[in-house]
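Let me begin by presenting the structure, written as structure tokens, before commenting on it.
The values are calculated or read from the model by the stated rules, or taken from the named source; none is laboratory data. Just so we're clear, the structure is a prediction, and the values are computed from it rather than from any experiment. All Cβ positions, even for glycine, are placed from backbone atoms using ideal geometry, and neighbour counts span all protein chains on display. The accessibility values were calculated without ligands, DNA or RNA, using every heavy atom of the protein model including side chains. Shrake-Rupley method; radii C 1.70, N 1.55, O 1.52, S 1.80 Å.
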Amino acid sequence: MTLPGGPDHYHEWMTAAVEQAEKSWSEGGIPIGSVLVDAHGEIVARGHNERVQTGQPILHAEMACLRNAGRRRDWSTCTLVSTLSPCPMCSGAAVLYRIPRVIIGEHTTFMGAETWMASNGIELIVLHDDRCIALMERLQREQPDLWAEDIGE
């Protein structure tokens, strides 16, 4: 299967995910964002971490994005883009829906379940995006308790 886009599109898609992360931060939430891209390279859903804003513990950015995507039959042709390495829950959703590629903004501040996703056939692309790193470092510096809560410490 040929997946949409290439390195030129990755930056565009990550910019949309970063915009979602910044939206969450501006709402007092955790600055993580995600977008879902279809087989034509079009962004079909966006989401940001809503745990603080809604009090819902499962509304990580990827989960909110998948919720916003609605019912689909084309998961296996989509690309999930996230500003941060997906946690085990969000990685599980990617595996469950057989999303073949996950583009990750960064994994230096937090390493999710990347090995498990890869072992389930998901192609992982880590961009080491400075914007994503800066967002998470700011959260860790300015709100360490919120960061610890989000990663289950």
Count, please, the residues in the stretch 16-40 that happen to be within 22 Å of ILE122 (Cβ to Cβ) and surrounded by 15 or more Cβ atoms within 10 Å (Cβ to Cβ). 13
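If the requirement is being touching a strand residue (DSSP E or B) at 6+ places or on another chain (Cβ under 6 Å) and in contact (Cβ under 8 Å) with a residue 24 or more places away in the chain, which of these qualifies: GLY41, GLY33?
Values: GLY41 fails: touching a strand residue (DSSP E or B) at 6+ places or on another chain (Cβ under 6 Å).
Matching residue, one of GLY41, GLY33: GLY33.
Yes/no per residue for (1) touching a Lys or Arg at 6+ places or on another chain (Cβ under 8 Å); (2) touching a residue at least 40 places away in the same chain (Cβ under 8 Å); (3) not polar (S, T, N, Q):
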residue: THR77; (1), (2), (3): no, yes, no
residue: LEU80; (1), (2), (3): yes, yes, yes
residue: LEU84; (1), (2), (3): no, yes, yes
residue: MET89; (1), (2), (3): no, no, yes
residue: ARG98; (1), (2), (3): no, no, yes
residue: ARG101; (1), (2), (3): no, yes, yes
residue: PHE110; (1), (2), (3): no, yes, yes
residue: GLU114; (1), (2), (3): no, no, yes
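Please specify each residue of the stretch 12-37 satisfying the condition of being touching a Pro at 6+ places or on another chain (Cβ under 7 Å) and not hydrophobic (A, V, I, L, M, F, W, C). Working first, answer last.
In the first step, residues of the stretch 12-37 are kept if they are touching a Pro at 6+ places or on another chain (Cβ under 7 Å); the result is 21-22, 24-25, 37.
Of everything in the stretch 12-37, those that are touching a Pro at 6+ places or on another chain (Cβ under 7 Å) and not hydrophobic (A, V, I, L, M, F, W, C) turn out to be GLU22, SER24.
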Being open to solvent by 80 Å² or more (accessible area, probe 1.4 Å) and among the aromatic types (Phe, Trp, Tyr) is the filter here, so list the residues in the stretch 102-123 that pass it. TRP116
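Quick check, is VAL52 of a type in the set (A, V, I, L, M), in contact (Cβ under 8 Å) with a residue 60 or more places away in the chain and closer than 21 Å to ASP145 by Cα? Break it down stepwise before answering.
Working: of a type in the set (A, V, I, L, M): yes; in contact (Cβ under 8 Å) with a residue 60 or more places away in the chain: yes; closer than 21 Å to ASP145 by Cα: yes.
Yes; evaluated as a whole, the condition is true for this residue.
Out of the residues in the stretch 124-153 that are of a type in the set (Val, Ile, Thr) and free of Cβ contacts under 8 Å to residues at least 60 places away in the same chain, which is surrounded by the fewest Cβ atoms within 10 Å (Cβ to Cβ)? Show your work before the answer.
Step one: of the stretch 124-153, the residues of a type in the set (Val, Ile, Thr) are 125-126, 133, 151.
Remaining after also requiring free of Cβ contacts under 8 Å to residues at least 60 places away in the same chain: 126, 133.
Numbers: VAL126: 15, ILE133: 17.
Within the stretch 124-153, the match that is surrounded by the fewest Cβ atoms within 10 Å (Cβ to Cβ) is VAL126.
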Inside the stretch 84-100, can you point out the residues that are open to solvent by 10 Å² or more (accessible area, probe 1.4 Å) and of a type outside the set (A, V, I, L, M, F, W, C)? PRO88, GLY92, TYR97, ARG98, PRO100
Could you run through the stretch 63-83 and say how many residues are within 13 Å of the chain's Cα centre (by Cα) and open to solvent by less than 10 Å² (accessible area, probe 1.4 Å)? 7
